[in-house]
Structure formats: structure tokens, C-alpha cells
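See structure below.
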Amino acid sequence: MQNIYWDLLKKNREKSKDRRIETLFQSDKNRFKEFAIEIEDLYFDYSKTNIDSETLKNLIAYAKNLKIMNSINAMFEGEKINVTEKRSALHTALRNFKANDLTNLYKINKKLLVRFKDLSKFCNQIRTGQKKSGSGSKFTDVVNIGIGGSELGPKLVTAALSEYHNGPKIHFVSNIDPSDILKIIKNLDPNKTLFIISSKSFTTTETINNAKKALKWVCEILGSNGLKNFVAVCSAKEKALDFGILKENIFEFDEWVGGRFSVWGPIGLPVMLSIGTDQFKNFLEGASQIDNHFKNEEVSYNIPIILALIGFWHSSICQYSSRAILPYDSKLEYLPTYLQQLDMESNGKSVNLNGERINYPTTPVIWGHIGTNSQHAFFQFLHQSNQVIPCEFLLGANCLDNKYYDSHHLQLIVNCLAQSEALMFGIKNETQFKEETNQHRNCDGNKPSTILIYKKITPKILGKLLAIFEHRTFAEGLLWNVNSFDQWGVELGKNIARRLTDSISQKDRNNNFSKSTLNLLNKIRKYKNF
């Protein structure tokens, strides 16, 4: 895996590790143009990274040497690139219903179109009040019960598109902590609340337990008619039927749709209910446009691939252990959390596609928050700690349609640009402070950052942004030679939790848990008095 280009990149790093980023602008007057990509209403700038022309050339050569475009085509053509589970990764098909020359994909698209029409019909019936609750009432509230990919994507998109809401109010329950569901349902009317149970396997512990509580809460009031208040989104129809979900209220999706890539299909039902099918189609259309860009654009001008190469450079070559996601847009409040799962569950691996242990870091720790709140929380760390954290800014050129708030948004813009400038230059560019006389005020600068600018959050632009990050994650996985579409590590804790559940219910103190865990379990038994 570590071919000649990897070695060249290490040499690039050795030559540049003490170089100031701002000097690259001095040696290349057109750097701000050459290290940027624009596609329609998106502009990606990566000029404030310590990547020079030679390094960029070697990064691109590394990607081409791996035949990255062949792997990308393999994904779009439905090959079983998820090798450990022997599955395709065809989430892109959820947003592309056009006929395809490949027979198998044409059949898939045809099936998806039928499903989408069924989902749209159901959505319109709920929104217009044609489909009633078990009490005969129109639904005013929708509670999505799901965790991981069954919550993070829909929650992000629903919040980001709040200006487009014209349907029932959407709520999300994910945690097994009873406080999570109780704080939601205590303010709702069971006669007017629709529950969406989202679980691919329909066995997810947190989801099923919360669903049972919701079912009991509704049916205590409505009896068996309460089942009309429940919808299942899953890949396990029989399990949903066994739970009691009505057949016409079950919406299926396929095994080749990974949870963290699933917001484009039935998992996106909460989004569709809140903004309507027409705007949801715009969301899909935006993502589909990026699909075409990712599949067809040359590596040098391909935003997801260049983002992936930057991430690979920072993580594996520079050995930076984390990445800050900094959206200067309150609508994208949940983006850092969404990307935590997308990146860390996809590429948090230590074994390559051949099943061999690897000796290089893959995905960094993903974290962040919205600006300007983050400036008053952890930017002190970004500017003055001795750790280098690559920062990724997102910024909308426009905000609300209400011109009354233009001055607010202007301050948001200048804060974002000022922070990226400050990260590069540090305190030495600020004449009001004297580094020599007060070291406590010194900021070293030379911290890399990128910025992605978009016109304004709309369904279409949001679709583009999320598709860029999806494809960036896949491309990074290709650069690291790992499978981005499995998540076996997630299952380990679940299996142990099942054994612990049996231990608690049977009060069996003689099992193979560590003495620490057994002692903690005994303490909890004592505190719970059972």
C-alpha cells in the first residue's frame, strides 16, 4: 500500500514541516486561484494548507496510482465493494431514478422508483390529514425512534431545512436512557402523534425498547387502533410485522444501503414529512449532481477526492490526530456529529481490505461545533495549544431572506474569515500585541484550514454538501485501503451488553466478565435494591 508516492509524500512533509503557510502565497501570486475549485454554487478553497504544488502533484499521483476512479466506478456500477459483508454500496441509487444501461441497476432503479412513489403517497396523506391516527385525528407531531444512521442524518437535514417546514412537527428519540423518550412524549398528544420506528434489522436494542414504550403509551389510550400511529422503516419486514406494525405502514430498504448513508431513502421519511416531497426531490437532485461530479470529474478538480487527499495528507503523512468541523451556519448545528459517525464508523479501521494489519493512522478524531459559539469554547485550544488541528470551515454567503438581519450575517462572515486568517498567521500579524513582551498572548499560527462556501442552505445545496462528505469518506477509505462500508467494531459492545443483560435478569454472578465489571454490577444491584 505504501508505494513510491507515499515515500515521496513523506519527503514533501520533511521539507515543509517548518515552513510557514503564508510564505506559499508569497512564492505563488495565484495560489488562491490554483488551490481552489468551484462548481456552480459551491467554492472550495484549500490554499491555507501547507500543501505546495509538488505535494499536490504527488498526492494526485498517489490517488491515480491506486486507480481510484476505477474503484469509484465500481461503486456506482453496483459491484460488491463491501468485501467483508459481500454487499454493494448503492446509496447513490436512492437519489438517481434514471434508467441505466446496466441491467441490474436498471432493475434496482425501477424498484426504488416504485418505493419512492409509495413513500411519497404516504407522506402526502399524512401531511394533508387524509391518513388519520387511531383516534381519527390528523397527525400534528412525528417522533422518529432510531439511533446512529437512523437518527443522525434525518436530524441534521430536518434541522438544516427548518425554513422549509410546512408539515407536522418532527421530534427525535435515540438514547436508551428513559429521559430521552420521556422528555419528548410528555408534551405530546398520543391521539395526534405518529411514530416512525427506524432500524435496518428491526432488532436494535435502543430503538426496539423505546418503540415498545411508545406503543404502550399510545395503546393505553387508543387500544389496538393505536397501531395506526406506527410506521416501520427497515430491511426486516417480518420482524416489523411481528412487532405489530401494519403491513401498509412498513417501508423497506435494501441491505446495500448502509445506515450512515441512508438519509436519501425511507430513513429520510421525517425529512419528507416536514418539507414535503417536492423539496425532498430537490435534496436528492443536489446529491445526484455531486454524484455525477464525483464519478466524472478529473482527480485534480474533483472536490470529494481533493478533500480526501487533504485529509489523508494531514492524518497519515503529517500525523495530525483530529479534524475540526466548523460550520458558520446555525442550520448545520448537527453536521459535526453527523460527520463523526460518517468518518469514524466508516474509516476507523486497523485492518486493510486484504485482512492485514496496517501501521499508519486512518481517520482522525472528528469534532467541532458551530461558529461563532465555538470561538468562545475551544478556539483558545486551536490557536494556542501545541497541537495542530486541521480546521474545515463551512460558510453560507447568504442567510435569511429577511434583510433586517444582514448586519448579523455580515458579522458571521467576517468572524469566519478572520479565524481562518488568524489560524494561518498567528499573533505575529497583529500589531497591537508585542510577542517579545508578552508570551502569554502569542499564537504561533501556521495551522492549516480549508473553507467551503455555498450560496445558502437550500434542499439542493444541502444535498450537495452531504454527498460531498459521503464521497470524501469513501475516497479516503480507498487511499487508506480500508473497507468504508462495514462497522464490526460497533457489534462488539452490543454483544457484551446482551450478555450483561442476561446476567442482570438471572442474577448470575458466575460468568466470564472481568472482576471490575462484576464488582460494578454488584454495586449497581445494591443501589437498585434487587
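Quick check on my filter: what residues within region 264-280 are in contact (Cβ under 8 Å) with a residue 40 or more places away in the chain and of a type in the set (D, E, K, R)?
Restricting attention to region 264-280, the residues satisfying the condition of being in contact (Cβ under 8 Å) with a residue 40 or more places away in the chain are 264-277, 279-280.
Of everything in region 264-280, nothing turns out to be in contact (Cβ under 8 Å) with a residue 40 or more places away in the chain and of a type in the set (D, E, K, R).
For region 489-514, which residues satisfy the criterion of being at pLDDT 70 or above, open to solvent by 80 Å² or more (accessible area, probe 1.4 Å) and not in a helix (DSSP H, G or I)?
Across region 489-514, the qualifying residue is only N512.
Out of curiosity, is S88 in contact with an Asp or Glu (Cβ under 7 Å, 6 or more places away or on another chain), open to solvent by less than 50 Å² (accessible area, probe 1.4 Å), under 23 Å from F261 (Cα atoms) and not charged (D, E, K, R)?
So S88 passes the test.
Checking the condition under 22 Å from C416 (Cβ atoms) and either under 20 Å from the mean Cα position of the chain (by Cα) or surrounded by fewer than 24 Cβ atoms within 10 Å (Cβ to Cβ) (or both), which residue from E298, E333, E285, E345 passes?
Selected residue: E333, the only one of E298, E333, E285, E345 that is under 22 Å from C416 (Cβ atoms) and either under 20 Å from the mean Cα position of the chain (by Cα) or surrounded by fewer than 24 Cβ atoms within 10 Å (Cβ to Cβ) (or both).
Considering region 355-368 alone, what residues qualify as being part of a loop (DSSP other than H, G, I, E, B) and either free of Cβ contacts under 8 Å to residues at least 24 places away in the same chain or at positive phi (or both)?
The answer is G355, E356, N359.
Looking at region 10-22, can you tell me whether even one residue there is open to solvent by less than 50 Å² (accessible area, probe 1.4 Å) and modelled with pLDDT under 95?
Scanning region 10-22 turns up no residue that is open to solvent by less than 50 Å² (accessible area, probe 1.4 Å) and modelled with pLDDT under 95.
Where in region 187-280 are there helices (runs of 4 or more DSSP H), lying fully within it, with 2 or more residues that are under 15 Å from V142 (Cβ atoms)? Can you show your working first?
On the way: elements: 205-222, 237-243, 269-275.
Output list reads 205-222, 269-275.
Does region 327-348 contain any residue that is closer than 18 Å to H471 by Cβ, out of contact with any Ser or Thr (no Cβ under 8 Å at 6 or more places or on another chain), touching a residue at least 12 places away in the same chain (Cβ under 8 Å) and among the acidic types (D, E)?
yes
What is the residue count in region 381-399 for residues that are of a type in the set (A, V, I, L, M, F, W, C), surrounded by 13 or more Cβ atoms within 10 Å (Cβ to Cβ) and closer than 30 Å to Y164 by Cβ? Can you show your working first?
Quick first cut of region 381-399, residues of a type in the set (A, V, I, L, M, F, W, C) only: 381-382, 388-389, 391, 393-395, 397, 399.
Next, only the ones that are surrounded by 13 or more Cβ atoms within 10 Å (Cβ to Cβ) stay: 382, 388-389, 391, 393-395, 399.
If we keep only those that are closer than 30 Å to Y164 by Cβ too, we end up with 391, 393-395, 399.
Of the residues in region 381-399, 5 are of a type in the set (A, V, I, L, M, F, W, C), surrounded by 13 or more Cβ atoms within 10 Å (Cβ to Cβ) and closer than 30 Å to Y164 by Cβ.
Scan region 57-72 residue by residue and report those that are among the polar types (S, T, N, Q) and over 22 Å from the mean Cα position of the chain (by Cα).
Result: N58, N65, N70.
How many residues does region 117-138 hold that are free of Cβ contacts under 8 Å to residues at least 60 places away in the same chain and open to solvent by less than 20 Å² (accessible area, probe 1.4 Å)?
Within region 117-138, the first condition is being free of Cβ contacts under 8 Å to residues at least 60 places away in the same chain, and the residues that meet it are 117, 121, 125, 128-131, 136-138.
Pick out the ones that are also open to solvent by less than 20 Å² (accessible area, probe 1.4 Å) and you get 129.
Residues meeting the conditions: 1.
The values are calculated or read from the model by the stated rules, or taken from the named source; none is laboratory data. If you're wondering where the values come from, they're calculated on a predicted model, not measured in any experiment. Using ideal geometry, Cβ is built from the backbone for each residue, glycine included, and neighbour counts are taken over all protein chains shown. Accessible surface is based on the protein model in full, side chains and every heavy atom, while ligands, DNA and RNA are left aside. Shrake-Rupley method; radii C 1.70, N 1.55, O 1.52, S 1.80 Å.
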